[in-house]
Structures are given as C-alpha cells and as structure tokens.
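Let me begin by presenting the structure, written as structure tokens, before commenting on it.
The values are calculated or read from the model by the stated rules, or taken from the named source; none is laboratory data. Keep in mind the model is a prediction, meaning the values are calculated, not measured. All Cβ positions, glycine included, derive from the backbone under ideal geometry; neighbour counts span all protein chains shown.
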Amino acid sequence: MSEPNETKTSRSTKALDASNQVFPRLIEYYKRAYKAKSSGSSQIVYHTGNDPIEIDYAMGLIPMFPENFSAACGAVQLARTLIDVSESMGAPEDLCSYFKTHYGFMKGTFPDGVNQALKRIRLPDPDLVVSNKNLCRLHPLWMKIAAEHYRVPYFSMDAPVMPPRYQKNETAFEGLWGSHYRYQVGREALDYCVAQLEEYIAFLEAHTGRRMDWDRLREVVARAAELNELFQRILELRRTVPCPVGGEDLNTLVFFPVCLAGTQEAVDVIRAALTEIEERVDAGRGAVPEERFRLIFDGIPPWFNMGLFNYFHKFGAVSVEEAYPRAWVGRLDPEKPLESLAIKYMLSMNATATYSAVSERIQDRVRTYRVDGAILWNLRTCRLVSCIGFPRVQTSFEQDCGVPVLLLDSDQVDPRRYNEALVLGRIDAFMEMLEERKYGGAGRASGA
C-alpha cells in the first residue's frame, strides 16, 4: 500500500454545466439540513446507501447519508484524517473506508484547521437512524453503532436474497434496470418488502409525531419517477457514438437520485443535464474529440481522484456506462408507491440477483453500449465488491462477453490505497492491448 501523495490526486474536468453545479448544491444540502436541525424545524434521518428516502421527504423529514458524507470528505481530501482517527482507536486497515471516515468523524476531536474544512460538509446529528439489509452486510452494524453513539432510535429493514427458482417464476416485476434487465421475483418477496416499508412508516410516525400523508407520498414518488425517467434517458443517450458524456459527469450527477430523489430540485438539475446532452448528441459532439474506445467503469469511483476518468481521454477512450450511477434509477408507479419503492430499493440490487441475471445484464450492457473493455475499480476494503461482486462480474465480462477486463485494486476515499504509478502504468498497458486488439497497432495507445 502506497503512502499518501496529495499532489497526485486531481479533480475531473466535466463536460456539463449541470455537473459543475453538483458540489455547490451538495454544500447547500448540508447547510439546509444543519439549519433545520439547529432550528428544530425538521428531523434528520440517517440512511445507508440505498434506502427509500421518498418516504422521508413525504413526511417532511430530511434524509442524510453518512456514506455520502464520507465520499464528500474524500473529494475534499479530508477522509485520510478521519480514517486515521478510526485506526488509532483500533479499526483495522482492511475495514470499509466509508465506515472509518464516518466513525472518525463521530468519535474524533480535531484541530481548528480540520474543523474549518469540515464546516462546509458537516453532517448534522441524527434524530433517527435507519439501515437496509439489501446490499452491504456492514450497513446494519454501522447504523446501529451510529444510533448508539447519538442515543437515538434505530430501525433496520430486511430484504430477501433471491433464490434461482425466481428466474422461472411467471410473475415478473420490472426493477431498476428497466425492461432490458428483467428478472423475476415471487409475489411473496414483494409482499414481504412492502410490509417492511409499512413498518418503517409506523416507526417514523411513532418517533416523529408526524403522520404519513399518502397523497403527498404519491406526489413525491411521481417526482422521483420523473427524475428516474430523465436519468434513464441520459443513460440511453450515452449509447450514441460518439458518447456525449463520460463517467466523470455521471458519477457526479448521481448525487441527485441518491440524496434528493422525490424533490423538484433533483428533477430540475437532471432535466438541465439532459438538455445539454441532447444538444451534444444533435451536434455530434462527444466526451472526447475523437472517440476510439468505449469502456465500462464499474465500482464505487475514487472520489479523491476523479481526474482519473479524464486520464482515459488521452487514448480517445471514454467511460460510456457505469453500474454505480445506474443503481438508483428505477421504474416507479405513483399509484403503487410502496410496491414501487420495494422493487427499486429492496429487490433489484446485485446482492439479490442470481448469477444468470447479472450475466444477462452485463451482456446487454456490452452489446447496447458497444463496449471495447471494462475497468473494475476493486475496493479491497469492501467484501461485497472484492469477494462477491467482482469475481462474477469479471467472469461474465471475459467469458460470457469476450470483453477484456482491467482489475485495479484501490479505494474510494482512502488515498493510501492508491498508487498512481502502478495504476497509470497498468492503464497504459491495458490501452495498448486494446489498441492492438481493435486497430492492430499500438501507435495511438500512448496518447500520440
């Protein structure tokens, strides 16, 4: 593991004006939440990464994500400081760096310089804490620790693992991957998850004194549905050759469906982004001046060094598709709000899909986006990614699709796990191989 070298990390250069609005809006999101908490005008609910926040917005609550906070700390180069606090208290080096960033923030005391830097993205204390067992097995423990630290009520939602028999079930529900990625779940699984959401609403009502307004929930879900449709249209336009916008933009724009699903602000920004992308498609303008390679970049991106996406541009390469931004885009029916939210958040993640469903999805991505190669950003501190997710993903790319894969071991916020010389050297070699494979020569792979 390399020592940190802050001069080697860099921000990305983005193609869209909407993408460049994200960080200022993120700061405003934290300011609003902190002000609401301080004034007592609303309550703060901590969430894990893929929770039904539309329910919170419908009840006038403010959902906040410690994981988003950790990502923001990575972007402003604060994560290392907070991780050091966690490790000084006994946290192992191979534990999730998102968790260690947040844990260090909860437990640490910091000098004025760090406190000043944290002011822009300071996470307000929660009134309630929630987790969803649909993806990461650390999430429930993490949120339980947070609830105990802040001495607030805690609620955990469960999600079933899908057995193989559901692939042949006659009842299909369209999940977050849309019509191209349908895998089937039994009615009992859907009913189980809806019951979990009903219990969650009862939990919120009991601890906030607020009642669910079902008409308002339908309105919020309708806005989230509009947001999802706009985002899905962006994903579809990225199939265009040349691709109008790369992963540096999409991984940034995902802030809106993650943290602001169901709000008008999210709809407005993503609609503006879509308009920009449509204009670029009409003008034949790609993310790179001359597109030569189309890549998939899977994994939680390196928030501390998003400029890495721009590094591929020197080869005429662009990330045209990523699993991460797509993970919060689902079909929603405002007339069936709880069923829709159950499918989107609890029944459509990789952790609940069979291998053949994952393989089918990857094959469709490769075909529809005309992919030349795949980059897997392998998080060694994430068991789900490194031990469960990427082994089957890599196998599907290479064996089922015949697509070359570059597996890069690093992290999403901890710069100590990023060795720039090693990473760039491996990217250079991978691009030379793609050059030979696609064009029969290595003349352009060096960026010449």
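Results, tabulated for the structure shown:
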item	result
Residue within the range 120-136 that is surrounded by fewer than 24 Cβ atoms within 10 Å (Cβ to Cβ), in contact with a helix residue (DSSP H, G or I) (Cβ under 7 Å, 6 or more places away or on another chain), of a type outside the set (D, E, K, R) and over 22 Å from Asn50 (Cα atoms) present	no
Among the candidates Thr81, Thr13, Thr48, residue that is more than 16 Å from Val129 (Cα to Cα) and within 21 Å of the chain's Cα centre (by Cα)	Thr13
Residues (in contact with a helix residue (DSSP H, G or I) (Cβ under 8 Å, 6 or more places away or on another chain) and under 24 Å from Ile277 (Cβ atoms)) located in the range 15-58	Ala15, Leu16, Asp17, Ala18, Ser19, Gln21, Val22, Phe23, Arg25, Leu26, Tyr29
Every pair of residues 6+ apart whose Cβ atoms lie under 8 Å, when the first sits in the range 212-231 and is touching a residue at least 12 places away in the same chain (Cβ under 8 Å) while the second is charged (D, E, K, R) and in a helix (DSSP H, G or I)	Met212/Glu205; Leu217/Glu54; Val220/Glu54; Val221/Glu54; Ala224/Glu54; Leu230/Arg271
Count - residues of the range 51-86 that are in a helix (DSSP H, G or I) and under 16 Å from Pro257 (Cβ atoms)	8
Residues (closer than 19 Å to Phe309 by Cβ and either in a helix (DSSP H, G or I) or within 15 Å of the chain's Cα centre (by Cα) (or both)) located in the range 215-240	Phe231, Ile234, Leu235, Leu237
Residue count for the range 299-337, restricted to those that are over 22 Å from Glu435 (Cβ atoms) and either surrounded by fewer than 21 Cβ atoms within 10 Å (Cβ to Cβ) or not polar (S, T, N, Q) (or both)	24
Hey, Arg294 among the basic types (Lys, Arg), over 17 Å from the mean Cα position of the chain (by Cα) and within 19 Å of Ala18 (Cα to Cα) or not	no
Enumeration of residues in the range 391-412 that are assigned to a helix (DSSP H, G or I) and surrounded by 21 or more Cβ atoms within 10 Å (Cβ to Cβ)	Val393, Ser396, Phe397
Residue tally, condition surrounded by 20 or more Cβ atoms within 10 Å (Cβ to Cβ) and either among the hydrophobic types (A, V, I, L, M, F, W, C) or under 18 Å from Pro301 (Cβ atoms) (or both), over the range 86-99	4
Cross-chain or 6+ apart pairs with Cβ under 7 Å, the range 36-58 first and within 22 Å of Ile343 (Cα to Cα), then surrounded by fewer than 24 Cβ atoms within 10 Å (Cβ to Cβ) and of a type in the set (Lys, Arg)	Ala58/Arg216
Of all residues in the range 287-298 being buried (at least 23 other Cβ atoms within 10 Å of the Cβ) and of a type in the set (A, V, I, L, M), the one that is nearest to Gly74 (Cα to Cα)	Ile296
Residue among Arg187, Arg216 that alone is in contact with a Ser or Thr (Cβ under 7 Å, 6 or more places away or on another chain), surrounded by fewer than 17 Cβ atoms within 10 Å (Cβ to Cβ) and on the phi < 0 side of the Ramachandran plot	Arg187
Counted residues, the range 103-140 - those being of a type in the set (A, V, I, L, M, F, W, C) and either assigned to a loop (DSSP other than H, G, I, E, B) or modelled with pLDDT of 95 or more (or both)	9
Residues of the range 241-264 satisfying the condition of being closer than 15 Å to Ile53 by Cα, assigned to a helix (DSSP H, G or I) and under 19 Å from the mean Cα position of the chain (by Cα)	Phe255, Phe256, Pro257, Val258, Cys259
Inter-residue pairs, beta-carbon under 7 Å, first charged (D, E, K, R) and in the range 417-434, second surrounded by fewer than 18 Cβ atoms within 10 Å (Cβ to Cβ) and assigned to a helix (DSSP H, G or I), 6+ apart	Glu420/Lys8
Members of the range 55-77 that are farther than 30 Å from Glu219 by Cβ and either modelled with pLDDT of 95 or more or crowded, with 23+ Cβ neighbours inside 10 Å (or both)	Ser70, Cys73, Gly74
